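The values are calculated or read from the model by the stated rules, or taken from the named source; none is laboratory data. This structure is a prediction, so every number in the text was calculated from the model and none was measured. Don't worry about glycine lacking a Cβ; one is built from the backbone with ideal geometry, like all the others, and counts go over all protein chains shown.
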Amino acid sequence: MAEKIGVYFDLANIGGGVNVQSLADEATKKWGNLIALTKLVPELAKATDEIRADIEAQGLDGVLLCGASPRIDNELYRFAVPVDYVNLREQCVLAYKNPDGSPYIPAATAPANLQQMAQDYVQMGVAKMQKSTPPDSAAIEVTRRILVIGGGWTGLTAAAEAVDMGYEVVLVEKADKLGGAVINMPTASPLGPSWEYKSPTNLADKVAKITGNMRITVYLNAVMAKLSGQPGQYTAEINVAGEVKTEAIGSVILATGWKPLDPKYLEPMGLGKSSKVVTAAEFGKMLLADAPLPKRVAFVLDTTMAEEALKAKAAEAEAEAAAAEQAPQAEGAEGEEKAFVKADLESFAHLKYSNAVNSVGMLRLANTVCEKTADKSQAYILYKNMTVPGILERFYKKMQDRLGVMMTKADVTDIREDDDHMVVECKNTLLGQDFNLEADLVVLPTGLVPTTAKDVTVQFDYRQGPEFPDLELFDGFADSNYICFPYETRRTGVYAAGCVRQPLTLDACEVDAKGAVLKAVQCLEAANLGVAVHPRALDNSYPVFNFVRCTQCKRCTEECPFGALDDDEKGTPKPNPARCRRCGTCFGACPERVISFANYNIDQIGSMIRQVVVPADFKKEGPRVLILACENDAYPALDMAGMRRKAWSPYCRIIPVRCLGSVNAIWISDAMSKGFDGVVLLGCKYGDDYQCHFIKGSEICNRRMQNIAETLDRLGVQPERVAQLEVAIDEYDKVPTMIDNFVARITALGPNPFKGM
Amino acid sequence: MAQCTLKPDIDFSRKLLEAGGDSLKKCYQCATCAVACPMAPANAPYPRKEMVWASWGLKDNLKNDVDIWLCHNCGNCSDLCPRGANPADVMSAARNVVYQDLVAPKAVGSLMSKPSGLPILFAIPALLWLLVWWIRAGFNNGNWFPTRADGSIVFGDIFYGDYTIDPIFMLTFFAALFIIGRGAYKLWQAFKPEGSVAVIGPKKCWLCHLWDVLVEEIIFANHFDDCQDGPKTGQITHSRRVGHTILVWAFCLLAFVTAVVALGHWGGKVIPAIEITTPLKPLNIIKLIANLGAFLLVGGLAILTFRRIFEKQDTHKSNYYDWYLLGVIWAVALTGVFAQIFRLAQTAECAFFIYYLHLVFVWMLFAYLPWSKLGHLVYRTVALVYVRMYGRKG
């Protein structure tokens, strides 16, 4: 808890005629000894030495910097004591407009509303700092050993990479030998420059690198039985041919790869019905076995006809089900927790996701056929979308540049057997005519179904169950939000790479493996330092539980988006700081408010709310609206709006929160009892295409809104006074209007009945 | 209608490749070429479709395609192709394959398609004229290089027009004309789609169209200007109109001279007043025209040859058919000019030998016309008349 705070005002960044001296005086008047000094510095960026000297001379234990947004130049202000900011520029002076909506033209003296806003923000800042302490260390002793699940191309690459980086490796492979799917591949697409030629897989070399390494323990015929603990201190139980081995593990790489899509999905295209129809994977095996090669091979990438047949079948089944009256309601006891049942997520969609891999694969196979027969064979590629990722365009050019490789976009509408050959019916082609194509063999694409869609791969010993959450959102792929957080699985310490994450070509699998190793190492070392991995990288705070008041309601353990909290039989939560992402969803959930961070807690935000001066005269001095803004997207959007002078109502006061998931209902009560007329929860978009950094935060907040509305209703406050608004980080142009609309609604609604009480 | 069964033919692709379309596999069907082509009308674009036909080895599609004849090979498409394919070369290769296969005897087409056939093609007229020379030398007391008493040289003393040159060339010319006429007919039939085509708007008979084509496209070569009007490619494009036009005019003059001399010679036997005897005097008007023709011929050839040599080889490659034709015309022109020079210089050995070569090359030019690139004189004309019949400018 800060006791001697130095408050610095950055004159270069506070304009608008704000009386800065008055802000300083008010703060000193209010907080007395807590504020050891206030200084008005001409330019904060040039005053860092001065601040350092003050810390030393005065023994300051906190520095409050009032000026630009905390998002600006914060790397500059790294001092020995905690630092916090008051955003008087982007979200105060620059965002100010007159109450009547007219733009503010800066004058020598700031209008009363602006001066008041600045003063509120300074007081809130001091209160925040007062209620903040440096966290204790959460550092743990870690095991520098990485578990790689899956001994295929990705797993082998990951294991070699991890060992190269100085970590021990435990490699778990389900089959009786290493290599995975690559064992059945005759050649690979290019693995490096010049990205033009087929590459030998050299699998034996890759395997030899692993089996010959003392620092790698390989378990064959092995599957995961259990993974318990937390990053840095995991215990893995591995079922090796019936016998359970236990290993201490630091972090995990999931490289369990894929399984071929069930042939039933391609049956409408003749797969399984004719021996002259095979999948690309099977054809690869034929090439490996040096099977006699046909003269005419049709590679069919367009699978629309199978999809349509399936759709028709599904519609038929649906109609039948409807005709046979609705099925009896699912029986079973309510309330009791249901036993975990793994859902089968395999679907036709996997074939579509595999289009890029199949495009590259078919180019490779078609070229190989021509090459092996010394250009006697003709290989037709009939595609709907020829998807060749990135630099592999060079490969495409090379593979295409072979006389026998003939390609066209085509709708393949029928595949049938005729005499001794197959007939492929093509429509809507680039040749300018519909035609039948005769072929001695038809090769269909292989659907890559991630192992996570079919099996429980890791067997987490977690409160939230053995499986990754929300796999169905990603059609069974072990992905979470690759663009923002590569390799992330929503289980801290477990990183997915290769085809279990996304269908990839071998070169991409290698890159993926290396990336995931970096992530696994980062996680392990972060646990060792006691800091968060991502998105709050290096955050050293963590939730602290006051178990005395805990009622074992289990909300925190259920709502944690990352399954960080286990519990005992009674339901008392058992925190695992190394699994935690520090989003605060747990303390947002807690009705007893027993969870807090040293530098972010219920009381702190409550105190900040109470620092705002709420005028008693609603009519004359306007309403007051509290905005709890997600600091990941909404807060930067507000900053950007301010920078572009897109002002919003001067009656708002903004408090950044770690995530809307961390918003505790008590803050809304605090605001209401303080006399605020409305509260806005400003956060990310949620739903299937969520943008939340903590995946579930804004969604959970939305769910809680219902409870909040009920509480407000009971108190006699209109539930409309609280609203959750969704904003994306780039919607700075929309967010001021959203806020103004809300303020207008509140103004129409009249004052909060609690005002002045 | 039942769907046709496609017959992709790798051997035909290979043939195209060997005929100069070595980039045919590079196409990825973006159709930049069809947009870049200044000749292709928006509603019947090319050469995108020809590229995919070439890749699939669709022989019939390409051989029956009128558009390959409308291409004047400006090379815009090759310059702009994002994949480094040269559609212009593939179009040219497609034409070459037609020269090769369109008319019988196909053995000639086959010999014409590659340098290795050249010795045989040369040997045929060489032996023919050698035989004539040998026989006629017998008439000159075994003298292979006879000179008149005044020292002047008369080629007719050996290669006597009435019995040697005229019948042989008449026969050759009409045989070639017959063969190429059959080719033209076959092409016309091939261009025609199945069923019937209704043309809306003003119609003209095919003869009128033929006249237009002769004047606009052959005499004045307007299409080359359209070619020049293509999108900016950033490449320097040399005009082909000047060289080509000069060459055509040169041929016209020489044909005119030949006709006049033939008329004078044969007609003179009936009406002595118009009789012309060769060799003509150097200042004779006909001789002057002939020499102007020869001069233009060499000039046009030089322009065309230099253009081909200095053109960017990666996008505007000249193939064997191009060089064969240029080579033969060069040979005809140079042997013609030098035969005259040596004749006037009264060096009998050189004069007769060069004149002999001249006869060989002229024979090659005419006899092999239906299978050589010069066939485009007829085939392209057929295509241009055809599309004009159906309302396209071509």
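Given the structure, is A:Ile149 closer than 30 Å to A:Ser359 by Cα and either at pLDDT below 95 or buried (at least 19 other Cβ atoms within 10 Å of the Cβ) (or both)? Spell out the reasoning first.
Working: closer than 30 Å to A:Ser359 by Cα: yes; either at pLDDT below 95 or buried (at least 19 other Cβ atoms within 10 Å of the Cβ) (or both): yes.
Spelling it out, A:Ile149 is indeed closer than 30 Å to A:Ser359 by Cα and either at pLDDT below 95 or buried (at least 19 other Cβ atoms within 10 Å of the Cβ) (or both).
Go through the range B:41-58 and give me each residue that's in a loop (DSSP other than H, G, I, E, B) and either over 20 Å from B:Leu16 (Cβ atoms) or within 12 Å of chain A (Cβ to nearest Cβ) (or both).
B:Pro41, B:Ala42, B:Asn43, B:Ala44, B:Pro45, B:Tyr46, B:Gly57, B:Leu58, listed by residue number.
Before we move on, is B:Pro8 in contact with a helix residue (DSSP H, G or I) (Cβ under 9 Å, 6 or more places away or on another chain) and more than 8 Å from every other protein chain (Cβ to nearest Cβ)?
no
Which of the residues that make up the range A:202-244 are over 18 Å from A:Ala255 (Cα atoms) and part of a loop (DSSP other than H, G, I, E, B)?
Listed by number, the residues that qualify are A:Asn202, A:Gly212, A:Asn213, A:Met214, A:Arg215, A:Gly229, A:Gln230, A:Gly232, A:Gln233, A:Ala241, A:Gly242.
When residues of the range A:642-698 are filtered for being of a type in the set (D, E, K, R) and free of Cβ contacts under 8 Å to residues at least 60 places away in the same chain, how many remain?
Final tally of qualifying residues: 2.
Determine the pairs where a residue that is touching a residue at least 40 places away in the same chain (Cβ under 8 Å) and acidic (Asp, Glu), located within the range A:188-217, has a partner that is surrounded by 11 or more Cβ atoms within 10 Å (Cβ to Cβ) and part of a loop (DSSP other than H, G, I, E, B) with Cβ atoms under 9 Å apart, the partner being 6 or more residues away or on another chain.
Listed pairs, sorted by first residue: A:Glu196/A:Pro190.
Name the residue, out of B:Val35, B:Val66, that is surrounded by fewer than 19 Cβ atoms within 10 Å (Cβ to Cβ), more than 9 Å from chain A (Cβ to nearest Cβ) and out of contact with any His (no Cβ under 8 Å at 6 or more places or on another chain). It would help to see each step written out before you state the result.
Numbers: B:Val66 fails: surrounded by fewer than 19 Cβ atoms within 10 Å (Cβ to Cβ).
On inspection, the qualifying residue turns out to be B:Val35.
Being assigned by TED's automatic domain parsing to the domain that holds A:Gly212, under 30 Å from A:Met224 (Cα atoms), among the hydrophobic types (A, V, I, L, M, F, W, C) and in a strand (DSSP E or B): is that true of A:Val163 here?
Values: assigned by TED's automatic domain parsing to the domain that holds A:Gly212: yes; under 30 Å from A:Met224 (Cα atoms): yes; among the hydrophobic types (A, V, I, L, M, F, W, C): yes; in a strand (DSSP E or B): no.
Criteria not met by A:Val163.
Go through the range A:589-642 and report how many residues are in a helix (DSSP H, G or I), among the β-branched types (Val, Ile, Thr) and within 27 Å of the chain's Cα centre (by Cα).
2
Which pairs turn up if I take residues in the range B:115-134 that are touching a residue at least 60 places away in the same chain (Cβ under 8 Å) and look for partners that are surrounded by 17 or more Cβ atoms within 10 Å (Cβ to Cβ) and assigned to a helix (DSSP H, G or I) with beta carbon separation below 6 Å, at least 6 apart in sequence or on another chain?
Matching pairs, first to second residue: B:Leu121/B:Leu111; B:Pro125/B:Val360; B:Pro125/B:Trp363; B:Pro125/B:Met364; B:Ala126/B:Val360; B:Trp129/B:Tyr356; B:Trp129/B:Leu359; B:Trp129/B:Val360.
Residue under question is B:Lys25, and the condition is that it be facing chain A (nearest Cβ under 10 Å), modelled with pLDDT of 90 or more, over 23 Å from the mean Cα position of the chain (by Cα) and in a helix (DSSP H, G or I); does it hold?
Spelling it out, B:Lys25 is indeed facing chain A (nearest Cβ under 10 Å), modelled with pLDDT of 90 or more, over 23 Å from the mean Cα position of the chain (by Cα) and in a helix (DSSP H, G or I).
I want to confirm something. Restricting to the range A:410-428 and keeping residues that are in contact with a Lys or Arg (Cβ under 8 Å, 6 or more places away or on another chain), within 11 Å of chain B (Cβ to nearest Cβ) and in contact (Cβ under 8 Å) with a residue 40 or more places away in the chain, which single residue is farthest from A:Leu351 (Cα to Cα)?
Applying the filter and picking the extreme gives A:His421.
Go through the range A:652-669 and give me each residue that's surrounded by 21 or more Cβ atoms within 10 Å (Cβ to Cβ), over 19 Å from A:Ala637 (Cβ atoms) and of a type outside the set (S, T, N, Q).
A:Trp667, A:Ile668
Check off (1) closer than 23 Å to A:Gly125 by Cα; (2) out of contact with any helix residue (DSSP H, G or I) (no Cβ under 9 Å at 6 or more places or on another chain) for A:His693 and give me the number that stays unchecked.
The number of the failed condition is (1).
Name the residue, out of A:Leu382, A:Leu392, that is surrounded by 16 or more Cβ atoms within 10 Å (Cβ to Cβ) and out of contact with any helix residue (DSSP H, G or I) (no Cβ under 9 Å at 6 or more places or on another chain).
Checking each option against the conditions leaves just A:Leu382.
Anything in the range A:94-146 that is in contact with a Lys or Arg (Cβ under 6 Å, 6 or more places away or on another chain) and surrounded by fewer than 16 Cβ atoms within 10 Å (Cβ to Cβ)? List them, or say none.
A:Pro103
Tally the residues that are more than 14 Å from every other protein chain (Cβ to nearest Cβ) and in a helix (DSSP H, G or I), restricting the search to the range A:354-387. Steps first, answer last, please.
Keep residues of the range A:354-387 that are more than 14 Å from every other protein chain (Cβ to nearest Cβ), which gives A:354-358, A:360-362, A:364-365, A:368, A:372.
Narrowing the set further to residues that are in a helix (DSSP H, G or I) leaves A:355-358, A:360-362, A:364-365, A:368, A:372.
The total comes to 11.
Across the range A:429-442, what is the total count of residues that are away from every other protein chain (no Cβ under 12 Å) and outside any strand (DSSP E or B)? So that I can check it myself, show each step before the final result.
If we filter the range A:429-442 for residues that are away from every other protein chain (no Cβ under 12 Å), which is where we start, we get A:440-442.
Going one step further and asking which of them are outside any strand (DSSP E or B), we end up with A:440.
Qualifying residue count for the region: 1.
Out of all the residues in the range A:345-374, which are over 14 Å from A:Pro190 (Cα atoms), crowded, with 24+ Cβ neighbours inside 10 Å and over 33 Å from the mean Cα position of the chain (by Cα)?
A:Ala366, A:Val369 - these are the residues of the range A:345-374 that are over 14 Å from A:Pro190 (Cα atoms), crowded, with 24+ Cβ neighbours inside 10 Å and over 33 Å from the mean Cα position of the chain (by Cα).
From the list A:Pro535, A:Pro469, A:Pro486, A:Pro503, exactly one residue is out of contact with any strand residue (DSSP E or B) (no Cβ under 9 Å at 6 or more places or on another chain), in the same structural domain as A:Gly150 (by TED's automatic domain parsing) and assigned to a loop (DSSP other than H, G, I, E, B). Which is it?
After ruling out the rest, the residue left standing is A:Pro469.
Is it fair to say A:Met407 is buried (at least 21 other Cβ atoms within 10 Å of the Cβ), touching a Leu at 6+ places or on another chain (Cβ under 9 Å) and more than 8 Å from every other protein chain (Cβ to nearest Cβ)?
When the stated conditions are applied, A:Met407 does not pass them.
What's the number of the condition A:Leu392 fails, among (1) within 10 Å of chain B (Cβ to nearest Cβ); (2) under 22 Å from A:Thr446 (Cβ atoms); (3) not in a loop (DSSP other than H, G, I, E, B)?
Unmet for A:Leu392, out of (1) within 10 Å of chain B (Cβ to nearest Cβ); (2) under 22 Å from A:Thr446 (Cβ atoms); (3) not in a loop (DSSP other than H, G, I, E, B): (1).
Can you spot a residue in the range B:12-29 that is among the aliphatic types (A, V, I, L, M), free of Cβ contacts under 8 Å to residues at least 40 places away in the same chain and not assigned by TED's automatic domain parsing to the domain that holds B:Lys317?
No - not one qualifying residue is present in the range B:12-29.
Residue by residue through the range A:676-698, note down the ones that are at pLDDT 95 or above and of a type outside the set (Gly, Ala, Ser).
A:Phe676, A:Asp677, A:Val679, A:Val680, A:Leu681, A:Leu682
I want to confirm something. Restricting to the range A:239-279 and keeping residues that are among the hydrophobic types (A, V, I, L, M, F, W, C) and without any contact (Cβ under 8 Å) to a residue 24 or more places away in the chain, which single residue is farthest from A:Tyr219 (Cα to Cα)? Give the derivation first.
Of the range A:239-279, the ones among the hydrophobic types (A, V, I, L, M, F, W, C) are A:240-241, A:244, A:248-249, A:252-255, A:258, A:261, A:266, A:269, A:271, A:277-278.
With the extra rule that they be without any contact (Cβ under 8 Å) to a residue 24 or more places away in the chain, the set shrinks to A:240-241, A:244.
Working: A:Val240: 7, A:Ala241: 9, A:Val244: 11 Å.
Per the criteria, the residue is A:Val244.
A quick yes/no check of all residues on (1) assigned by TED's automatic domain parsing to the domain that holds B:Ser78; (2) surrounded by 17 or more Cβ atoms within 10 Å (Cβ to Cβ); (3) more than 27 Å from B:Glu217 (Cα to Cα); (4) at pLDDT 90 or above:
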| position | (1), (2), (3), (4) |
| --- | --- |
| B:Gly336 | no, yes, yes, yes |
| B:Ala351 | no, yes, yes, yes |
| B:Leu377 | no, no, no, yes |
| B:Leu384 | no, yes, no, yes |
